[in-house]
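The values are calculated or read from the model by the stated rules, or taken from the named source; none is laboratory data. All figures in this text were calculated on a predicted structure; none of them were measured in a lab. Cβ placement follows ideal geometry from the backbone for every residue including glycine, while neighbour counts extend to all protein chains displayed.
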Amino acid sequence: MPRAKTGQMITVLVAMIPLLGLVLGLLTGRLGAEPVEAITHETGEWALRLLILTLLITPLRQFFGWNALAPYRRTLGLLCFFYAALHFATFLTFDLSWRIDDLLTEIRERPYITVGFFSFMILCALAITSTRGWIKRLGRSWLRLHRLVYLALVLAVVHFLWLVKVDRLEPLVYAAIASALLAWRLPLLFGRRPLTYATLRRPGEKAQKSA
Ligand code: HEM
């Protein structure tokens with residue numbers, strides 16, 4: 001089996017550990033007095049963490065030239081979608097008992113649900129179109145569509161910031177990481193070349209040679 005495939009399988013297995021923790025916690029009653037709340041929080045946080053990891057792949061490839069990481073972007077993106085879908089399904093099942101009119105009211109009246117929902121809609125579109133068939137079918141539009149992943153990240157961070165009322169440190173840390181990822185991306189959108197480890201090292205090497 002190629003090394004990338006084994007690595008991707010290991011990534012999926014490792015990413016299932018939080019889910020296993022939730023299932024075991026539920027079965028043994030270790031999720032506390034509000035198990036549904038614990039599941040919503042854990043699945044939401046893992047969706048956000050995996051989204052950040054997905055978006056870290058390109059800067060790592062560009063900066064260090066670690067191109068072997070390329071296949072992991074899709075794996076991590078789909079894992080992010082998986083946790084986001086669990087997060088949404090938990091809310092829909094336990095908070096709303098699958099009442100779609102209640103969902104529409106929540107989306108209309110609670111801004112943090114509105115932004116979370118739009119973020120999830122983008123993740124759905126990206127997951128559906130992540131196959132080879134869709135990449136071929138959409139051509140150049142595929143790249144434009146998949147840039148929406150940055151909007152999904154911004155909306156997910158706003159969702160987190162909006163719902164936390166007291167200690168905002170954790171969502172602020174996520175906001176800082178998201179800002180750094182966007183800051184990396186911005187010059188590339190204007191056609192500038194990415195900063196690389198090699199270009200950072202070169203001036204020092206020249207200085208050494210001339211010394
Ligand atoms: C249909 C879309 C969504 C709905 C209905 C939804 C709903 C919720 C709810 C009800 C909570 C708990 C609020 C509370 O504690 O009072 C929550 C928390 C959270 N959600 Fe979402 N969410 C959605 C999409 C997303 C997406 C797409 C992400 C990330 C990619 C996300 C990340 C989070 C995070 C990080 C938390 C906070 C977890 C914590 O407190 O530790 N959510 N969401």
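Listed here are the residues, each with its yes/no results for (1) more than 12 Å from the ligand (Cβ to nearest atom); (2) of a type in the set (Val, Ile, Thr); (3) over 22 Å from Glu45 (Cβ atoms); (4) surrounded by 13 or more Cβ atoms within 10 Å (Cβ to Cβ).
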residue	(1), (2), (3), (4)
Ala85	no, no, no, yes
Leu92	no, no, no, yes
Leu96	no, no, no, yes
Asp102	no, no, yes, yes
Tyr112	no, no, no, yes
Phe118	no, no, no, yes
Ile128	yes, yes, yes, no
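Among the residues of the range 31-78 satisfying the criterion of being more than 23 Å from Leu13 (Cβ to Cβ) and aliphatic (A, V, I, L, M), which is nearest to the ligand (Cβ to nearest atom)?
Val36
Would you be able to say whether some residue in the range 22-45 is surrounded by 13 or more Cβ atoms within 10 Å (Cβ to Cβ), assigned to a helix (DSSP H, G or I) and touching a residue at least 60 places away in the same chain (Cβ under 8 Å)?
Yes, because at least one residue in the range 22-45 is surrounded by 13 or more Cβ atoms within 10 Å (Cβ to Cβ), assigned to a helix (DSSP H, G or I) and touching a residue at least 60 places away in the same chain (Cβ under 8 Å).
Modelled with pLDDT of 95 or more and touching an Asp or Glu at 6+ places or on another chain (Cβ under 6 Å) - does that describe any residue in the range 168-175?
no
Since Phe91 meets every condition but one in (1) in contact (Cβ under 8 Å) with a residue 40 or more places away in the chain; (2) within 17 Å of the chain's Cα centre (by Cα), which condition does it not meet?
The one condition Phe91 does not meet is (2).
Taking the residues in the range 1-30 that are in contact with a helix residue (DSSP H, G or I) (Cβ under 7 Å, 6 or more places away or on another chain) and of a type in the set (S, T, N, Q) as candidates, determine which candidate is nearest to the ligand (Cβ to nearest atom).
Thr11
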